[in-house]
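Working notes, beginning with the structure itself.
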Amino acid sequence: MRISSGERKEQLIAATVELMRREGIQSVTMRAIAKEARAPLATAHYCFSDKDELMDKAAEAWLKNLSRFSSDVPVHLGLRKAVEQLAEGYWRALEEEPASILAEIELILWATRNAAASPLAGKIYPAYEVELGRIFSSAAQGNGEQCLISFPRLVRAFLMIYDGAALQYMTDPNAADYSTQFFMMVDALLAKAGV
């Protein structure tokens, strides 16, 4: 059965994401991706000009999956509850899927290191700003709440807290009560926002 070029590209992107999750970004080569997708290496090179193009497409696919953390956030309960539930979802993902979170961090670092060749680095956090900003503003506006921090800045501060906590957690999950510290910092951020 012949596979269309579009389907093959999707298979290669999915294989790239899975390989990054399972073995880390250092394992991603065109040969490894082709093997993961059970595709000929020549087909991988036909579909994507090089590894960087394929990595960009894999990262875009990953960014489209942002809603996995936010699809069930109860915006009708107000901004504080929305942020707290989102924080709980992020933390649960860290505890349940540390390899996926580590791969996301590696992808961000790879994109930053390759920023001259790829526009990806400049897209990652703005995508979070849009997705989470939409949720936070809907939660506040739907309940007539005022936020003393602009929503893009609130999102960036939330992500700074999460990214730092996630890195520390992954280095040694048993070293400290990172969860308590993470939620304490999120609470402090919400207090600063006047929520």
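Laboratory data are not the source of any read-out in this text; all were calculated from the coordinates shown. Bear in mind the structure is a predicted one, so any value in this text is a computation, not a measurement. For neighbour counting, all protein chains shown are included, and Cβ atoms are generated from backbone atoms with ideal geometry for every residue, glycine included.
The table below lists the values:
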{"read-out": "Degrees separating the helix 98-113 axis from the principal Cα axis of the chain, which is the longest one", "value": "80 degrees"}
{"read-out": "Whole-number percent relative contact order across the range 66-192, with pairs defined as alpha carbons under 8 Å at least 6 apart", "value": "30 percent"}
{"read-out": "Percentage relative contact order, the range 5-61, counting C-alpha pairs under 8 Å, at least six apart", "value": "41 percent"}
{"read-out": "Residue-span extension gain [residue 148 to residue 61] - 0.36 nm each, minus C-alpha spacing", "value": "28.0 nm"}
{"read-out": "On Cα atoms only, tilt of 121-142 relative to the major axis of the chain in degrees", "value": "40 degrees"}
{"read-out": "The range 4-116, relative contact order [Cα under 8 Å, separation at least 6], %", "value": "28 percent"}
{"read-out": "Lysine pairs with alpha-carbon atoms under 23 Å apart, the chain, spacing 8 or more or separate chains", "value": "12"}
{"read-out": "Neighbour net charge for residue 125 - beta-carbon separation under 13 angstrom, K R +1, D E -1", "value": "-1"}
{"read-out": "Local electrostatic count, residue 34, Cβ distance below 12 Å [Lys/Arg +1, Asp/Glu -1]", "value": "+4"}
{"read-out": "Degrees, to the nearest 10: 178-192 long Cα axis against longest axis of the chain", "value": "60 degrees"}
{"read-out": "CD proxy at 222 nm, helix term only [per DSSP H run n ≥ 4: -39500 (n - 2.57); per residue of the chain; nearest 500]", "value": "-24000 deg cm²/dmol"}
{"read-out": "Residue 26-residue 46 pseudo-label distance in nm [points 7 Å out on the Cα-to-Cβ vector]", "value": "3.4 nm"}
